[in-house]
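Undergrad: What follows is a structure written as structure tokens; I'll ask about it next.
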Amino acid sequence: MTTKSALSKKKGARNIRHIVQAAFFVLVAVTATAGALAEKGIAIPFIPEASLHAICPFGGVVSFWQLLNFGTLVKKVHESAVVLAVLGLFLALLFGPVICGWVCPFGTFQEWIGKLGTKLFGKKYNNFVPSKLDKVLRYLRYLVLAWVSYMTIISGKLIFQDYDPYFALFNFWSSEVAVTGFVALGLVIVLSLFVERPFCKYACPYGAFQGIFNLFRVFGIRRNAPTCISCNKCNKACPMNIEVSTSKVVRDHQCISCLECTSDAACPVPATVDMLALPGRVKDSFTKPAPKGKRGDIQTTADKE
Ligand code: SF4
Ligand code: SF4
């Protein structure tokens, strides 16, 4: 494959992600609306009727314990949520949290608000939180995951629904949404103007669960140090503020497998950041850093145009 065709392939992959995200957003919005109308006896032809609980894999995840021990599901959770949870688990084992980066409509919603934040704050956007504080805050979502899992196990109910901004967004007309859910949604909307994907970074229990797979996923993000020119553009492209430019392999628990860092719009040197099978040990030839500031005979995308 020529360099040019490899580049356009990457550009295409980036556009495909945005199309896939928009498609899932519409699908979830339409399905949740049809499900709510069906409960009131109004059926929309050709549109599947399903509640958000039937298509949210996190309901399946918090049901695993009850299912294994008692053979039953947590109240309101559907079998389809368990199927989606298992599918999400296999995908995460292979590619990391692709569900977060490509499918989750609430991640997409935050990204869309983030575009407005970028317009308002330019380069300052997504850089407001001091990095030391940010690093600590990012572990909060594991506390949320532990609390939600424990409370769901002892109560047999979907405890997180009352605090879930995702549920509030797609059911805002319903009496099922608690005030706390609306408060959480309002907070996420405001914070998304300053920070990209704040809910994913700091509070999402499903993102926390999926993030664990970044530690041992089969395919992951690798940087080819010998061709890297240390321009840091990949860091700026990463919605999760991960320092790709200093990583041999991205094992950060916050990676959402969005592939933005692999795009030629981010990295100017072709084939420098890629999603590849991750061996247990990365070969030295792939990890020796390029001399800082010396580009040698490395050709950037701009050189080729
Ligand atoms: S490291 Fe790359 S794939 Fe992972 S979140 Fe950042 S931009 Fe996306
Ligand atoms: S964008 Fe590419 S060349 Fe620049 S620092 Fe990142 S990996 Fe290196």
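Undergrad: Residues of region 260-281 being touching a strand residue (DSSP E or B) at 6+ places or on another chain (Cβ under 6 Å) and crowded, with 21+ Cβ neighbours inside 10 Å, which ones?
TA: Scanning region 260-281 gives C261, T262, C267, V273.
Undergrad: Can you tell me which residue is nearest to ligand 2 (Cβ to nearest atom) among those in region 202-252 that are of a type in the set (D, E, K, R) and within 19 Å of S131 (Cβ to Cβ)?
TA: K233
Undergrad: Just the residues that are away from ligand 2 (no atom under 13 Å from the Cβ) and part of a loop (DSSP other than H, G, I, E, B), please, taken from region 260-279.
TA: Correct list: L278, P279.
Undergrad: With the condition kept exactly as written, say whether any residue in region 224-233 is touching a residue at least 24 places away in the same chain (Cβ under 8 Å) and crowded, with 24+ Cβ neighbours inside 10 Å.
TA: No.
Undergrad: Please state which one of A92, A32, A54 is under 15 Å from the mean Cα position of the chain (by Cα) and either among the hydrophobic types (A, V, I, L, M, F, W, C) or closer than 19 Å to L169 by Cα (or both).
TA: Testing whether each residue is under 15 Å from the mean Cα position of the chain (by Cα) and either among the hydrophobic types (A, V, I, L, M, F, W, C) or closer than 19 Å to L169 by Cα (or both) leaves just A92.
Undergrad: Still on this model: Cβ-Cβ below 7 Å, separation at least six or inter-chain, first residue in region 151-171 and over 20 Å from L185 (Cβ atoms), second of a type outside the set (S, T, Y) and buried (at least 18 other Cβ atoms within 10 Å of the Cβ): which pairs?
TA: Listed pairs, sorted by first residue: M151/I159; T152/V62; T152/V74; T152/L158; T152/I159; G156/V74; K157/V74.
The numbers here are math on the coordinates, done by the rules we state, and not lab data. The structure displayed is predicted, hence computed values, not measured ones. When we count neighbours, we look across all protein chains shown, and the Cβ atoms used for this are built from the backbone with ideal geometry, even at glycine.
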